[in-house]
1. Of the candidates 116, 74, 102, which one comes out as most mobile in a Gaussian network treatment of the chain with C-alpha springs shorter than 10 Å?
2. Among bridges DSSP assigns within the chain, what percent are antiparallel (round to 5)?
3. Using a Gaussian network model on the chain with a 10 Å cutoff between Cα atoms, which of 139, 33, 156 fluctuates the most?
4. Using a 7 Å offset from Cα along Cα-Cβ at residue 69, what residues in the stretch 181-195 end up with backbone N under 16 Å from the label point?
5. Based on the Kirkwood radius over alpha-carbon pairs, what value in µm²/s does the Stokes-Einstein equation return for the translational diffusion coefficient of the stretch 1-117 at 10 °C and 1.306 mPa s?
6. Most fluctuating residue of 80, 39, 105 in a GNM of the chain with Cα springs under 10 Å: which is it?
7. So if each residue of separation counts as 0.36 nm, and I subtract the Cα-Cα distance between residue 120 and residue 3, what length gain in nm does that give?
8. Residue 97 versus residue 182, label points 7 Å from Cα toward the beta carbon: distance in nm?
Ligand SMILES: [Zn+2]
């Protein structure tokens with residue numbers, strides 16, 4: 001069994017969405033100062049690094065993250081590589097030959113290159129999914145969509161893609177590092193922190209080769 005960790009490391013150099021608070025890790029108890037143990041306080045947005053969007057992120061009456069179904073967050077998944085586009089459209093997905101009845105699709109794009117370079121600056125030029133791509137995935141019965149940058153939607157047009165997916169009950173996983181992953185079938189595990197009434201949560205995510 002081969003385990004691939006596709007989680008970004010939470011650190012102060014991790015890029016965050018413009019306007020979100022930067023990652024702040026602060027040790028409030030220090031052994032080198034005579035305390036019995038080290039304790040770190042973390043101040044981050046719930047959309048930091050590898051994370052899940054709950055419907056409540058874009059829908060005022062949507063479900064919050066602690067209620068999301070673990071059955072959807074784990075199971076068979078397909079990683080599809082679409083490398084030469086700036087926006088992933090329905091036509092791109094249709095042409096990509098995703099196996100029928102796939103419930104979880106993870107998109108590997110040129111975004112994954114960013115994670116190999118350790119850029120701390122947010123890149124507004126990332127690849128996202130168009131609204132028609134979101135509609136197409138919903139119509140295909142997809143229940144989980146994963147992407148390799150910090151938003152499923154293009155930077156200039158965030159609302160439609162998020163709303164279409166979240167209204168349909170599709171779970172969105174953002175900030176996956178797929179740089180070392182080849183196209184194909186895997187088992188996916190994504191475990192968002194159980195945070196009450198939250199619009200999202202950081203998650204540990206991994207793929208297991210099948
Ligand atoms: Zn998010």
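Readers should treat all values here as calculations from the given coordinates under stated rules, not as data from a laboratory. From a predicted model like this one, the values you see are computed outputs, not experimental measurements. For neighbour counting, all protein chains shown are included, and Cβ atoms are generated from backbone atoms with ideal geometry for every residue, glycine included.
1. 116
2. Values: 28 of 41 bridges.
Expressed as a percentage, antiparallel bridges in the chain total about 70.
3. For the chain, modelled as a Gaussian network with Cα springs under 10 Å, the answer is 33.
4. Inside the label zone: 190.
5. Reported coefficient: 88 µm²/s.
6. Greatest mean-square fluctuation among the candidates belongs to 39.
7. 39.5 nm
8. So the label points at residue 97 and residue 182 sit 1.5 nm apart.
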